[in-house]
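Read the structure below first, then the notes.
The values are calculated or read from the model by the stated rules, or taken from the named source; none is laboratory data. This structure is a prediction, so every number in the text was calculated from the model and none was measured. When we count neighbours, we look across all protein chains shown, and the Cβ atoms used for this are built from the backbone with ideal geometry, even at glycine.
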Amino acid sequence: MSLPELVQAFNALPRAVKTPSGLVDNHWHFAVRHVTLEPPGDILHIVNPGSRYSISSEGAAQILSCESVAERADIVLPILLKLFTSMKESARDDRFAPWSWGTDDVNFATALEDRLKLAAVRKELCHIRVGDEASSKIALDVWETVVKQLKKMTGPKCGKCENNSAENAKLLRCGGCENIEYCSKACQKADWKEHKIICRISAIDYWTIVAPNAPEAKELALEIGLKLGSGGLRYPIRRLVVTGKDTPENFRKLLGWNDKDAIKSTHQSSRNEILLKPPHGSPNWAMAKSLKLDENCPPWTPLPASKEEEKQVQDIRDMQELIRHQMGSRSMSTITSQDMQDVLVKNFASAWSAKLQTYQDAVNAMDQGVRI
């Protein structure tokens, strides 16, 4: 997505004084943080101080090494906007713009304000707060806790006292994430305040922060041509589907252990889409092409359809036949909402609403002359 398109998408986001929960101020503190894990680099980390909820940019970039704050601002601008335009991927509330935001570095804030104005970002957000010590402290606390927990996951030691597993043959594993072990229930209880941040990490944050540093994830990504930490959840889920690697174990390696409903929903829709093999010119094909979802992808070898999936795919193909009959000699590029109404009402009467998703899946997998 180009910067003008990103700005347009950001400016279109709803914006309110409170976050969608209505409980905390819609203020966000952002900072460029250096990551010392492999691969080393810098990421943009933003925190809502009221809830302590945080999200981070995709993968590591070279930001702090730039010679000037102007260069840093050029790199950070699109990253900052994208964090909000893609926030829906976290399976939390719908996307929204901040009411206000701030950072610590005065010179960096000034340079970024200039870039925001030049890019035509909504004028209310062309001002960046500086000097908010309370927000800065919370943001740093959240970041240090996340880093500390990530480092704990790299070795077989007690997550609290760091006793080696060789000395404690029966370490207790966290029942939530199943990734950190403890030598005693006392250590587990004492560590919970910090560990709960990583234990409850969203799938998108696991994908962008944890997976790029996890050996198992890196090995799997290399095997299936996947760029770790890039894009939203649809990208890794689709890649696992087309390569026949969509197993619970592999989902856990790339996406962690939370947001299971969101992962399941995206997995099911991706399975149906791949099993339908959408042709060139279809909206599904165009979307995958524009988002580069299949870039560097090995040959497709999806797992065979289950009986339930076979029925779902057949229902969609049957719907496509009804659509073709409705269109007659007309091109699919001319299909309208009236055609949709005719197909659904004429064939399903009062039960038409139950077939609406099937209709949408069918249309999206048909050649409508879409070009990229």
In segment 252-273, which residue that is under 19 Å from L226 (Cα atoms) and either among the hydroxyl-bearing types (S, T, Y) or surrounded by fewer than 21 Cβ atoms within 10 Å (Cβ to Cβ) (or both) is modelled with the lowest pLDDT? R252
Every residue from segment 92-108 that is touching a Lys or Arg at 6+ places or on another chain (Cβ under 8 Å) and of a type outside the set (S, T, Y): D94, R95, F96, A97, P98, W99, W101, G102, F108
May I ask you to list pairs of residues, at least six apart or on different chains, whose Cβ atoms are under 7 Å apart, with the first in segment 345-372 being free of Cβ contacts under 8 Å to residues at least 12 places away in the same chain and the second being surrounded by fewer than 16 Cβ atoms within 10 Å (Cβ to Cβ) and in a helix (DSSP H, G or I)? W352/V345
Return yes or no: is S230 at pLDDT 90 or above and either of a type in the set (S, T, Y) or part of a helix (DSSP H, G or I) (or both)? no
Just to be sure, is A211 touching a Pro at 6+ places or on another chain (Cβ under 9 Å) and either part of a helix (DSSP H, G or I) or surrounded by fewer than 23 Cβ atoms within 10 Å (Cβ to Cβ) (or both)? yes
Whether any residue in segment 13-34 is in contact (Cβ under 8 Å) with a residue 24 or more places away in the chain, at positive phi, within 18 Å of the chain's Cα centre (by Cα) and surrounded by 16 or more Cβ atoms within 10 Å (Cβ to Cβ) is what I want to check. no
Going by the structure shown, is S306 loosely packed, with under 12 Cβ neighbours inside 10 Å and within 31 Å of the chain's Cα centre (by Cα)? yes
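Conditions tested, residue by residue: (1) under 30 Å from N26 (Cα atoms); (2) of a type in the set (F, W, Y); (3) modelled with pLDDT of 75 or more; (4) touching a strand residue (DSSP E or B) at 6+ places or on another chain (Cβ under 7 Å).
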residue: K123; (1), (2), (3), (4): yes, no, yes, no
residue: R129; (1), (2), (3), (4): yes, no, yes, yes
residue: V142; (1), (2), (3), (4): yes, no, yes, yes
residue: K151; (1), (2), (3), (4): no, no, no, no
residue: N179; (1), (2), (3), (4): no, no, no, no
residue: A190; (1), (2), (3), (4): no, no, yes, no
residue: I201; (1), (2), (3), (4): yes, no, yes, no
residue: E219; (1), (2), (3), (4): no, no, yes, no
Of the candidates N272, N250, N284, N296, the one satisfying the condition of being within 28 Å of R200 (Cα to Cα) and among the polar types (S, T, N, Q) is N250
